[in-house]
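Colleague: Pasting a structure here, questions to come.
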Amino acid sequence: MNSIIRNSVLGIAGLAFAGGVAAGPITDTTTPVDTTPVAVAVQADKPAVDKGKLIPHGVQGGQSRIDLSDEQVASTKAIIAATKKAGMDERAAVVSIATALQESKLENLGHLGDRNDHDSQGLFQQRPSSGWGTVEQITDPEYSTTAFLKGLKQVDGWQDMPLTKAAQTVQVSAYPDHYAQWEQQAADLVAEHWNS
């Protein structure tokens, strides 16, 4: 019985083979494809920011995030522009923006009356009485950022410090660890706006 099945299978296979040989090879009736390399124009919009430079030590602790208004985005761009003008890199912009997020949520605050922390004003809540400048100066985003960066430059090894320690060394806040929560959003903002 096994030989009958085997002979049947071999017979069918032979017929299929013979039919294929008799019919001839399958011909390709499609149009040939030109495989010559083609030059492709790629628009280089903006060079990407090296994200490894933005958060070189990883974020510390839980992260906060807020939606930004047009005014807050404008403040972000002003901080980045001042950072570039000061000849500092993307990491300095991350530290600056995280600091401003903590201090003012990137709002250029004037005197808040009874709600004010002493005479703190501007994006970085700098105080005229502490020598940061006049009210007009510290409420100017370029001036206040430049003043913050000048302080940051004076911190030996700030590039190798966790963000919150670098920011705290400049700001001398009553809440030194609060800057860390803004590092991811600050890095995202720098990545988005550094080359815009």
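Colleague: Mind listing the long-range amide H neighbours of residue 126? Cut-off is under 5 Å, sequence gap 5 or more, other chains count too, H placed in the peptide plane at 1.01 Å from N.
Modeller: 121
Colleague: Going by average Cβ neighbours within 10 Å, how do the peptides 77-84, 175-182 rank, with the highest at the top?
Modeller: Peptide ranking by packing, descending: 77-84, 175-182.
Colleague: Among 121, 195, 108, which residue has its Cα furthest toward the positive end of the charge dipole of segment 55-196, with +1 on Lys/Arg Cβ and -1 on Asp/Glu Cβ?
Modeller: About the Cα centre, the residue reaching furthest to the positive side is 195.
Colleague: Could you rank 153, 85 by how accessible they are, 1.4 Å probe, largest area first?
Modeller: Putting 153, 85 in descending order of accessible area: 85, 153.
Colleague: Where only protein heavy atoms count, and the probe is 1.4 Å, what is the accessible area per residue for segment 125-196 in Å²?
Modeller: For segment 125-196, the per-residue accessible area is 49 Å².
Colleague: If we count every other residue with Cβ under 11 angstrom of residue 182's Cβ, Lys/Arg +1 and Asp/Glu -1, where does the sum land?
Modeller: Around residue 182, the charge tally is -1.
The values are calculated or read from the model by the stated rules, or taken from the named source; none is laboratory data. Keep in mind that this is a model prediction, so the values were computed, not measured. Every residue, glycine as well, gets a Cβ built from its backbone with ideal geometry; the counts of neighbours run over all protein chains shown. For accessibility, only protein heavy atoms count, side chains too; no ligands or nucleic acids. Shrake-Rupley method; radii C 1.70, N 1.55, O 1.52, S 1.80 Å.
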